[in-house]
Every structure is written in structure tokens, then in C-alpha cells.
Amino acid sequence: MKDSSFSLESLYQHHGEKIFNLCYRMTGNYHDAQDITQEVFIKVSRKIHTFREDSTISTWLYSIGVRSCIDHFRMKKSFTNLITRLWDDSFNKRNQPDPETRFIHKSLGMEILNRLSPRERAILLLKNYLGFNYDEIGKMMDTTSNSVGVELNRIRKKILKFKNNEGDERNELQNIS
């Protein structure tokens, strides 16, 4: 890093809340988000000298935050809060369906996201939930924007395939009863 104007304190003051919000959205748990945010800034204090300035400091911080959340998920292997939250937010933006339909959609969403790898979940979350563009996601995930587009396309196909298979299974069950 050429510029020594990035003190840990100023980075935390300017970006701490944003990193916490990212961690909270990814984990759905306030206390986990606090812990991960702390871990992020500990990592930053150890690695600030490696910042190359080929991206913005906030993109670099978000990439550390995303990777820390993925590491957290790998350790806990629990995406229930995230999945529930994604589906709840999705339904809150639309008309509220009846409770049975909502339960089916939430269950299906949980099944779908549980079948995705942590990397796929992170990319999907960064794009669809947090609104980052391909370039930003590429920098955070150490890949190119083209690769992000390809991965998102594969993820969407995977999700559609699962949804279609799930729908066929439900139709067969209805025909049996």
C-alpha cells in the first residue's frame, strides 16, 4: 500500500457499519455479525500492507467480509436464517400469499439454497440481495466479471432445474391422491 492514510481506526469509523450490515445480511444473526465484523478488522489490521489499490478500499473490505462470512458458514453449515430471511423479504415485496403457499415457497427456497455451495450462495446474495455489479463481485471473489456472469447463469440454471423437478414431484403427488 502506497498511501498510509488508511488507519485502522478511520477504516472502522467509515466502513465498520457497512461491513457489519453485510455480515448481518449474510448470517441473519446479530451476534455472529458482530463477531465476523471484528474478525474482518483484525484481518485488515494484519493485511493492510497488502492492499494494492487496484480497487477501492471499500471493495477490498467487502471482499474480506464476504470471505469471512463464507468461512463462518463453512464452520457452522447453517444457512437457515439467511434462507428464511431471503424468502421473507421476497414475499414482503409482493402480495402476501396464503400461509400454506408461503410455507411451500420458503421450504423450497431453503432446499434450493442448501444445494448451492457457499461460493454460489455468496455470489447470488451479493448480486440479487445486496445489488453489487459483476465487476464488484469479481473483485470480492477474486475472479473476473465475466466469470461472475457465467457462474450466476449456472446458478440460475441449477435453481430452475431444481424448481422444475420439485414442481413435477408435487404434481405427481397430487395426481396420486
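At a glance:
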quantity: Matching residues, the range 23-44, being in contact with a Cys (Cβ under 7 Å, 6 or more places away or on another chain) and closer than 14 Å to Tyr12 by Cα; calculated: Ile36, Thr37
quantity: Qualifying positions in the range 31-64 - surrounded by fewer than 18 Cβ atoms within 10 Å (Cβ to Cβ), of a type in the set (Ser, Thr, Tyr) and modelled with pLDDT of 90 or more; calculated: Ser45
quantity: Selection from the range 111-147 of residues that are touching a residue at least 12 places away in the same chain (Cβ under 8 Å), crowded, with 19+ Cβ neighbours inside 10 Å and not hydrophobic (A, V, I, L, M, F, W, C); calculated: Arg121, Lys127, Tyr134, Glu136, Lys139
quantity: Members of the range 142-155 that are part of a loop (DSSP other than H, G, I, E, B) and under 17 Å from the mean Cα position of the chain (by Cα); calculated: Asp142, Thr143
quantity: Failed condition for Lys158, given (1) modelled with pLDDT of 80 or more; (2) farther than 16 Å from Arg115 by Cβ; (3) of a type outside the set (A, V, I, L, M, F, W, C); (4) in a helix (DSSP H, G or I); calculated: (2)
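The values are calculated or read from the model by the stated rules, or taken from the named source; none is laboratory data. Treat the numbers as computed from the prediction; the structure is a model and nothing was measured. Glycine gets a Cβ as well: all are built from the backbone with ideal geometry, and neighbour counts include every protein chain shown.
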